[in-house]
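Asker: Below is the structure I would like to discuss, written out as structure tokens.
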Amino acid sequence: MDTLCIEGLTKKFGAHTVLDEISFTVPEHSVFGFLGQNGAGKTTTMKLILGLLKADGGQIRVLGEPVTYGQTKTNRLVGYLPDVPEFYGYMKPAEYLKLCGEIAGLSKKEIARRSEELLHLVGLEEARKKISGFSRGMKQRLGITQALLTRPKLLICDEPTSALDPVGRRELLNILHQVREQTTVLFSTHILSDAEQICDRIAVLHQGNLALCGELSRIKAQKSANALFVSFASAADVSELTASPYLLPYCSQIEVQGSCLTIRSTDIKPVQQAVLSALYGKGLFPLKMEIQEPTLEGIFMEAIQ
Amino acid sequence: MNGFIAFTKKELCESLRTYKLIILGIVFLLLGIMSPLTAKLMPELIGSFLPEGMTMSIAEPTAMDSWMQFFKNVPQIGLVVTVILFSAMISGELSRGTLVNVLTKGLCRSSVILAKFLAALLTFTAAYVLCFAACLGYTVLYWHDPVSLLPLAVFALWAFGILLIASLLLGGVLFRSGYGALLFTGGFTVCLFLLNFFPQVQKFSPLRLAADNVSLLSGELAASDFAIPFVICGLLLIVFLWAAVSLFNRKQI
């Protein structure tokens, strides 16, 4: 069953259409990466799923239940980590989690147990000061704690790694990876390597439409616009190689950067053959020669062009 | 209901930890002590300012003078401080985005408004009771003459204060900013004062609850003259809260 199902979702701010009839589904226990440039509408989509904004068209379902704006019953199934989580600064972390737990209707015992467990998970068990004295990274950690407190079926994180140092980022990605056993994760980011590490599915939002959506491995396989990368000791070798008649059919696909060159092609085998023949013919010896797999960055850049 | 109780506790905790309760308590306590004291010292004060050789006969102050001071100071200073302190109730949360976490935990939106109202009501009531108790204590200490209908007059002023708090909530939901809420409540009060120029309106206006308390004590007005203003005040209170809740339900956060 799909945890989240979005159909024909449209949102306008005045005359500006932020989302134009987008549709996608997030299957259970997947980690879904939501990519897009700043202002592409990632946060808007998330707020629509949470019923904080009113949609101008389309439908959102969480575990089959429709999301309603204003009084949003489906929020009991959802945990949300905002891009910049804000707390009541005069409270301590445990007090804040108690407030959240009481609102969600958890028992006292459950709140205490969950709080301890999660504060330990994010490394805040020693932080006994008021939240007003927290750094942004600490707030981000507390944010993930409150989002996971109620054991949500769907965890929505809005750019969770953007405020963290490399160690914190690594830890947060690990947490997201761990919790996929119990929940489904939808997270937005513009750090493509983060998405590449933990997502099994991605969607790229561009100018109000989904430029790309599906399983990451399948997208990568489809976009096999591979490239052959050859590097030499000197730039002279590069110009000698490109002058070879073997490479004539590919001259429009060759990119030269200093002493390296890249040849892009959908079918890489004949290119390899031509390059090897040319190298042999000219008696050239490259330092390195490799086939470059499509990266998420490449796919992303291609999708938003 | 769980959410409502939890959020009310949070609001009371906020009142305490952000010093709202203490500031309001100190201001109201001072007003409560000041009122009988000014009444008591007024003749001497006036006497000391008069030029040498000039005499003026001033009536000996009574308990009534003390309550006159009370019903002048509390609306003019106490209610103004209350309104300023509570003006950011809604706007503070909306502008900082602190409601996002609690609303996505399943907190009902009407609970937010009603819990804020209840907590502000309790905070204001605590300060007001302190003020009244201080004023009553000193008044009884200085003078022994009884004042009739005092409980009704004191309750009337309290009711008007609660109405102002409800108008602040509606203003906060309408305008999203603390200044907007202040302006709304200020505008509402100014409208009441303007309407009071018409003698026919005076009988119905809830402003009577905060402006004519001394007339009630002196016997110029009877308790029954306060009945309609009380009803109108109650109705306005319900309308303000209802409007605040239903507008907040439709607010994009």
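The values are calculated or read from the model by the stated rules, or taken from the named source; none is laboratory data. Note that the structure is predicted; figures quoted are calculated from it, not measured. Counting neighbours? That spans all protein chains shown, and the Cβs are built from the backbone with ideal geometry, glycine included. The protein model used for the area step is the full one, side chains on, heavy atoms only, and it has no ligands, DNA or RNA in it. Shrake-Rupley method; radii C 1.70, N 1.55, O 1.52, S 1.80 Å.
Asker: At a 1.4 Å probe, which residues in the range B:99-131 are at least 30 Å² less accessible with all protein chains present than in their chain isolated?
Answerer: When all protein chains are present, B:V100, B:N101, B:V102, B:T104, B:K105, B:R109 each give up 30 Å² or more of accessible surface.
Asker: Going by amide H atoms built from the backbone, whose H comes under 5 Å of the H on A:Y80, apart from near neighbours?
Answerer: A:I156
Asker: Across peptide A:90-99, how many C-beta atoms of other chains are within 10 Å of each residue C-beta, on average?
Answerer: Whole-number average of other-chain Cβ neighbours for A:90-99 is 3.
Asker: Keeping all protein chains in place, calculate the accessible area per residue for the range A:2-129 (probe 1.4 angstrom), answer in Å².
Answerer: 43
Asker: Here's something else I'd like to know. Among the DSSP beta bridges whose two residues both lie in chain A, what percent are antiparallel, rounded to the nearest 5?
Answerer: 65
Asker: Using the Kyte-Doolittle scale, which helices in chain B average at least -1.0 and also have C-alpha atoms spread 30 Å or more along the helix axis, with helices defined as whole DSSP H runs?
Answerer: Result, helices passing both filters: B:20-49, B:109-142, B:150-175, B:227-249.
Asker: Sticking with this one: Would you mind putting A:246-252, A:102-108, B:208-214, B:56-62 in packing order, based on average other-beta-carbon counts within 10 Å, highest first?
Answerer: The peptides rank, most packed first, as B:208-214, A:102-108, A:246-252, B:56-62.
Asker: A further question on this structure: May I ask for the distance between the Cα centers of the range A:187-233 and the range B:59-98, given as a whole number of Å?
Answerer: A separation of 61 Å, based on Cα centres.
Asker: Can you give me the relative contact order of chain A as a percent, contacts being Cα pairs under 8 Å and 6 or more apart?
Answerer: The value is 19 percent.
Asker: Could I ask something else about it? Taking K and R as +1 and D and E as -1, what net charge do the other residues with C-beta under 12 Å from the C-beta of B:I5 add up to?
Answerer: 0
Asker: Please report the Cα spread of the range A:76-154 along all three principal axes, rounded to whole Å, starting with the longest.
Answerer: Principal extents (largest minus smallest coordinate, Cα): 29, 26, 21 Å.
Asker: Still on this structure: For the range A:237-268 and the range B:192-219, what is the centre-to-centre distance using only Cα atoms, to the nearest Å?
Answerer: If we compute the Cα centre of each part, the gap is 92 Å.
Asker: For chain A, take every pair of Cα atoms, bin their distances at 20 Å starting from 0, and report each bin as a whole percent.
Answerer: 29, 44, 22, 5
Asker: Accessible area per residue of the range B:2-250 at 1.4 Å probe, in Å²?
Answerer: About 46 Å² of surface per residue is accessible.
Asker: First compute the accessible area of the protein assembly as shown with a 1.4 Å probe, then give the percent of it belonging to carbon and sulfur atoms.
Answerer: Reported share for carbon and sulfur atoms: 61 percent.
Asker: Run the dipole for chain A about the Cα centre, Lys and Arg Cβ at +1, Asp and Glu Cβ at -1, nothing else charged, and hand back the magnitude in debye, nearest 20.
Answerer: 1000
Asker: Something else now. How big is the range A:1-44 on each of its three principal axes, counting only the C-alpha atoms and giving the largest first in Å?
Answerer: 36, 21, 10
Asker: From the backbone phi of the range A:188-199, what are the Karplus-calculated ³J(HN,Hα) couplings (6.51 cos²θ - 1.76 cosθ + 1.60, θ = phi - 60°) in whole Hz, Gly and Pro given as x?
Answerer: Going residue by residue, I get 9, 6, 10, 8, 5, 5, 4, 5, 4, 6, 10, 7 Hz, with x marking Gly and Pro.
Asker: If you take every DSSP beta bridge whose two residues both sit in the protein assembly as shown, what share of them, in percent to the nearest 5, is antiparallel?
Answerer: If I count the DSSP bridges inside the protein assembly as shown, around 65 percent turn out antiparallel.
Asker: Please report, in debye to the nearest 20, how large the charge dipole of the protein assembly as shown is about its Cα centre when each Lys and Arg carries +1 at its beta carbon and each Asp and Glu carries -1 there.
Answerer: 720
Asker: What whole-number value in cubic angstrom gives the convex hull volume per residue for the C-alpha atoms of the range B:2-250?
Answerer: 150
Asker: Kindly provide the helix-only [θ] at 222 nm of the protein assembly as shown, computed as the sum of -39,500 (n - 2.57) over DSSP H runs of four or more divided by all residues, to the nearest 500 deg cm²/dmol?
Answerer: Rounded to the nearest 500, the figure is -17000 deg cm²/dmol.
Asker: How many percent of all Cα-Cα pairs in the protein assembly as shown sit more than 37 Å apart?
Answerer: 52
Asker: Hey, another quick one. Determine the dipole magnitude for the range B:2-250: charges of +1 sit on the beta-carbon of Lys and Arg, -1 on that of Asp and Glu, nothing else is charged, the reference point is the Cα centre, and the result goes in debye to the nearest 20.
Answerer: The dipole of the range B:2-250 has a size of about 1380 debye.
Asker: Would you list, by chain and number, the lysines whose Cα falls below 23 Å from the Cα of A:K47, excluding same-chain residues fewer than 8 positions away?
Answerer: The reachable lysines, counting only those whose Cα sits under 23 Å from A:K47, are A:K11, A:K12, A:K73, A:K139, A:K153, B:K105, B:K251.
Asker: Only protein chains counted, 1.4 angstrom probe. Which residues of the range A:43-75 are at least 30 Å² less accessible in the assembly than when their chain is isolated?
Answerer: A:L52, A:Y69, A:G70, A:Q71, A:N75
Asker: Mind checking which of B:A243, B:M56, B:N2 is farthest towards the positive end of the range B:2-250's charge dipole, using Cβ charges of +1 (Lys, Arg) and -1 (Asp, Glu) about the Cα centre?
Answerer: B:N2
Asker: A plus B alone minus the pair: what accessible area, both sides summed, probe 1.4 Å, in Å² to 100?
Answerer: 2600
Asker: Taking the mean number of other Cβ atoms within 10 Å as a proxy for protection, how do you rank B:170-176, A:235-241 from highest to lowest?
Answerer: Top of the packing list down: B:170-176, A:235-241.
Asker: Residue farthest toward the positive end of the dipole of chain B, with Cβ of Lys/Arg at +1 and Asp/Glu at -1: which of B:G180, B:S91, B:I253?
Answerer: The residue sitting farthest along the positive end of the dipole is B:I253.
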